[in-house]
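**Q** Please see the structure below; I have some questions.
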Amino acid sequence: MEVTLLGTGAPAGLPQPGCSCAACATAVGEDARAATAVLVDGTLLLDLTPGAAFAAARSGLSLGGVRQVLLSHPHDGPAVEVPPGLPQPGRVPDGRELALLTGHRVRAVAMDAGGTGYAVTGPDGQRLLYLPPGGAQAGLENGNGDADPYHLVLLDVVGRPDALARLRAVGAVGPTTDVVAVHLGHDVPPGPELRRRLAAAGARAVPDGTTLTVGVYEDVPDVPRRTLVLGGARSGKSVEAERRLESFPDVLYVATGGTRGGDTEWAARVAAHRDRRPGSWRTTETCDLVPLLAQDGPALLVDCLSLWLTDAMDAVGAWDDTEWASGGEKALRERVRELTEAVRGTRRTVVAVSNEVGSGIVPATASGRRYRDELGRLNAAFASECEQVVLVVAGQALVLR
């Protein structure tokens, strides 16, 4: 089964007409995207968009063989005027299956936000899932999903990362599923930054006109097992860490800062973090990271190592020069060694956040300088065990490894 993406953009396209934002201004060449439309084996068209016939011609194809046009968007009726020779667009009722003379079977899947998704099975058994913009498949939590992974999934990864998380939770998306982002608009930067964000979610983007062979091995991005996200205060490092795991189910958020009873400003910070997280995530407040890393389980988001270090330095008396010299330094080194060894041996996906404090003002106190130095050592040791290390500056992520 061959799938040609006549367009991969949001309904308004990219660049969006009349928009002067940075994303639209830089959306040129392969980063310019028409509204998403999918041509399956030259006979089935999913979503009719302006310029679909010209897009097919640019790919060396024709819409003359199309026998069925199906709409996915929430609106009723055809998206545009139907070109001569094409059948009138239609929509399959949720849960119903359409059998085409070409041997393709198309099942309509219910969505949680309007519109219709389509699960397409080719004549040779290859399986494709296509979801409309802004939607996620409904009913998966009740066992109404697919037992086997799809070969190819086309969905709004950027706008609805939780849709991908739901599919992963029920096994509809597996390690070999080719996840391709479509309905791409100007809500994220195009080009290298878009590809970086998608790769962290195990997905990818392709240019308009790309033809994919469903079921054939593709170089699916490998999600890093261990990632360290560094950054200064309010740099966006926690947002970057959370974004990396929002397309995965059952994340355990490990908060190392505690509750700090009575501190209203800290409570406000904690509430802001909690409100950003998907509702399916669980939270535990602890600095005892080694046992968590040793256990099997869902992905861990550790926020943050800086507060873990504060707790460890409190425990070994690192702020007192005498205690530091008489065994505190050695005890802290042992704690860091135990943590990094646990990171090295963990089987879980881990994203950890830490502050980068070595580039600012030199602390005025000896204890402040000691903390700065030890955090630098901890970050370096932790980073050495990670497949990917990212530095966030002004909300922009720079991949160091």
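The values are calculated or read from the model by the stated rules, or taken from the named source; none is laboratory data. Since the structure is predicted, the reported quantities are computational estimates derived from the model, not experimental observations. With ideal geometry, Cβ positions are generated from the backbone for all residues, glycine too; neighbour counts draw on all protein chains shown. Protein only, heavy atoms only, side chains kept; ligands, DNA and RNA dropped before computing areas. Shrake-Rupley method; radii C 1.70, N 1.55, O 1.52, S 1.80 Å.
**Q** Filter the range 358-395 down to residues that are in contact with a strand residue (DSSP E or B) (Cβ under 6 Å, 6 or more places away or on another chain) and either assigned to a helix (DSSP H, G or I) or among the β-branched types (Val, Ile, Thr) (or both) and give me whichever is nearest to Arg196 (Cα to Cα).
**A** Once the filter is applied, the top-ranked residue is Val390.
**Q** Give the range 201-222 a look and list any residue that's in contact with a helix residue (DSSP H, G or I) (Cβ under 7 Å, 6 or more places away or on another chain), among the hydrophobic types (A, V, I, L, M, F, W, C) and touching a residue at least 60 places away in the same chain (Cβ under 8 Å), or say none.
**A** Ala205
**Q** Condition test on Leu228, is it open to solvent by less than 50 Å² (accessible area, probe 1.4 Å), touching a strand residue (DSSP E or B) at 6+ places or on another chain (Cβ under 6 Å), closer than 26 Å to Asp296 by Cα and at pLDDT 95 or above?
**A** Working: open to solvent by less than 50 Å² (accessible area, probe 1.4 Å): yes; touching a strand residue (DSSP E or B) at 6+ places or on another chain (Cβ under 6 Å): yes; closer than 26 Å to Asp296 by Cα: yes; at pLDDT 95 or above: yes.
Spelling it out, Leu228 is indeed open to solvent by less than 50 Å² (accessible area, probe 1.4 Å), touching a strand residue (DSSP E or B) at 6+ places or on another chain (Cβ under 6 Å), closer than 26 Å to Asp296 by Cα and at pLDDT 95 or above.
**Q** Could we say that Val40 is over 29 Å from the mean Cα position of the chain (by Cα) and open to solvent by less than 40 Å² (accessible area, probe 1.4 Å) here? Reasoning before the result, please.
**A** Numbers: over 29 Å from the mean Cα position of the chain (by Cα): no; open to solvent by less than 40 Å² (accessible area, probe 1.4 Å): yes.
Taking the combined requirement at face value, the residue does not satisfy it.
**Q** Another one. Restricting the range 61-79 to residues that are open to solvent by 40 Å² or more (accessible area, probe 1.4 Å) and either out of contact with any Gly (no Cβ under 9 Å at 6 or more places or on another chain) or under 27 Å from Gly159 (Cα atoms) (or both), which is modelled with the lowest pLDDT?
**A** Step one: of the range 61-79, the residues open to solvent by 40 Å² or more (accessible area, probe 1.4 Å) are 61-62, 64, 67-68, 74-76, 78-79.
Of the ones still in play, those that are also either out of contact with any Gly (no Cβ under 9 Å at 6 or more places or on another chain) or under 27 Å from Gly159 (Cα atoms) (or both) are 67, 74-76, 78-79.
Values: Arg67: 94, Pro74: 81, His75: 68, Asp76: 54, Pro78: 48, Ala79: 55.
Among those that are open to solvent by 40 Å² or more (accessible area, probe 1.4 Å) and either out of contact with any Gly (no Cβ under 9 Å at 6 or more places or on another chain) or under 27 Å from Gly159 (Cα atoms) (or both), it is Pro78.
**Q** What strands (runs of 3 or more DSSP E) lie completely within the range 232-326 and have 1 or more residues being at pLDDT 90 or above and among the charged types (D, E, K, R)?
**A** Details: elements: 252-255, 282-285, 300-303.
Of the strands (runs of 3 or more DSSP E) lying wholly inside the range 232-326, those with at least 1 residues that are at pLDDT 90 or above and among the charged types (D, E, K, R) span 282-285, 300-303.
**Q** For the list (1) modelled with pLDDT of 85 or more; (2) over 21 Å from Gly135 (Cα atoms); (3) open to solvent by less than 30 Å² (accessible area, probe 1.4 Å), I need the number of the one condition that Leu184 fails.
**A** Failed condition: (2).
**Q** Among the residues of the range 176-192, which ones are farther than 20 Å from Met1 by Cα and either assigned to a loop (DSSP other than H, G, I, E, B) or touching a residue at least 40 places away in the same chain (Cβ under 8 Å) (or both)?
**A** Here is the first cut: in the range 176-192, the residues farther than 20 Å from Met1 by Cα are 183-192.
His183, Leu184, Gly185, His186, Asp187, Val188, Pro189, Pro190, Gly191 - these are the residues of the range 176-192 that are farther than 20 Å from Met1 by Cα and either assigned to a loop (DSSP other than H, G, I, E, B) or touching a residue at least 40 places away in the same chain (Cβ under 8 Å) (or both).
**Q** Can you tell me which of Leu154, Leu212, Leu164 is at pLDDT 90 or above, over 12 Å from the mean Cα position of the chain (by Cα), within 22 Å of Ala110 (Cα to Cα) and crowded, with 16+ Cβ neighbours inside 10 Å? Steps first, please.
**A** On the way: Leu212 fails: within 22 Å of Ala110 (Cα to Cα); Leu164 fails: over 12 Å from the mean Cα position of the chain (by Cα).
The unique qualifying residue is Leu154.
**Q** Please identify the pairs in which a residue from the range 278-295 that is farther than 23 Å from Arg337 by Cβ has its Cβ atom under 9 Å from the Cβ atom of a residue that is of a type in the set (Ser, Thr, Tyr), counting only partners at least 6 apart or on another chain.
**A** Trp281/Tyr253; Arg282/Tyr253; Thr283/Tyr253; Thr284/Tyr253; Glu285/Thr256; Glu285/Thr259
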